[in-house]
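Working notes, structure below.
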Amino acid sequence: GKAHFPPEATVRPTGSLILLNEATDDIIWGQITSLGFALVVIFVVLSLLFLSPKVGFLSLLPNFLAILLLFGVMGLTWITLNLGTSIIASIAIGIAVEDAIRYLARLSDEIQATHDQEKAIFQTISTVGKPIIYASAALGLGFLVFLFSNFVPIQKFGFLTALTVAVA
């Protein structure tokens, strides 16, 4: 490139491939920063809500595992991170946080009422565990409907979202 231009000329590559690469870099960086920020906010909010950094940390586990599985499956199946697939992690975080808050709030109430941790866990699972599982199953099945689309990106979105919801 530069050998064919005068020294005072600035030469740099341009075009749609360069723009596409830069957009992809922006998506990846945006995904990393937004997920990191979301996890920090979730930790802080749940730590304050339950007055325990330990509970805040434990509430991050379902979120982190769901996101890890999502990106692992994407890597194994060669599904690229793009605008459509980048939304899935946010959906999973929202579902997992809602489930974690519902579960932990009920567990806290049960522990205060019974003063027996084992009984409180059993009672929590039998009361809010089932609705959490049913709601997640319904959401996952709802997203699996996208597998019938003729548009491949929608199919991938449906599959990945259903999988992530199930794990979260």
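Listing for the model above:
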item: Residue check for Ile42: part of a helix (DSSP H, G or I), touching a helix residue (DSSP H, G or I) at 6+ places or on another chain (Cβ under 8 Å) and crowded, with 19+ Cβ neighbours inside 10 Å; result: yes
item: Residue among Leu107, Leu139, Leu163, Leu144 that is under 25 Å from Ser52 (Cβ atoms), out of contact with any His (no Cβ under 8 Å at 6 or more places or on another chain) and hydrophobic (A, V, I, L, M, F, W, C); result: Leu107
item: Whichever residue in region 8-24 is over 27 Å from Gly84 (Cβ atoms) and open to solvent by 100 Å² or more (accessible area, probe 1.4 Å) and, among such residues, is modelled with the lowest pLDDT; result: Arg12
item: Residue check, Phe37 closer than 23 Å to Gly84 by Cβ and either out of contact with any strand residue (DSSP E or B) (no Cβ under 8 Å at 6 or more places or on another chain) or of a type in the set (S, T, N, Q) (or both); result: yes
item: Helices (runs of 4 or more DSSP H) within region 54-157 that include 1 or more residues modelled with pLDDT under 85; result: 83-114
item: Within region 86-138, tally of residues that are open to solvent by 70 Å² or more (accessible area, probe 1.4 Å) and of a type in the set (A, V, I, L, M); result: 4
item: In region 51-85, residue nearest to Asn21 (Cα to Cα) [restricted to those that are more than 8 Å from the chain's Cα centre (by Cα), open to solvent by less than 20 Å² (accessible area, probe 1.4 Å) and not hydrophobic (A, V, I, L, M, F, W, C)]; result: Thr85
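The values are calculated or read from the model by the stated rules, or taken from the named source; none is laboratory data. These numbers were taken from a predicted model, which means no experiment stands behind them. Every residue, glycine as well, gets a Cβ built from its backbone with ideal geometry; the counts of neighbours run over all protein chains shown. We work out accessible area using only protein heavy atoms, side chains counted, and drop any ligands, DNA or RNA first. Shrake-Rupley method; radii C 1.70, N 1.55, O 1.52, S 1.80 Å.
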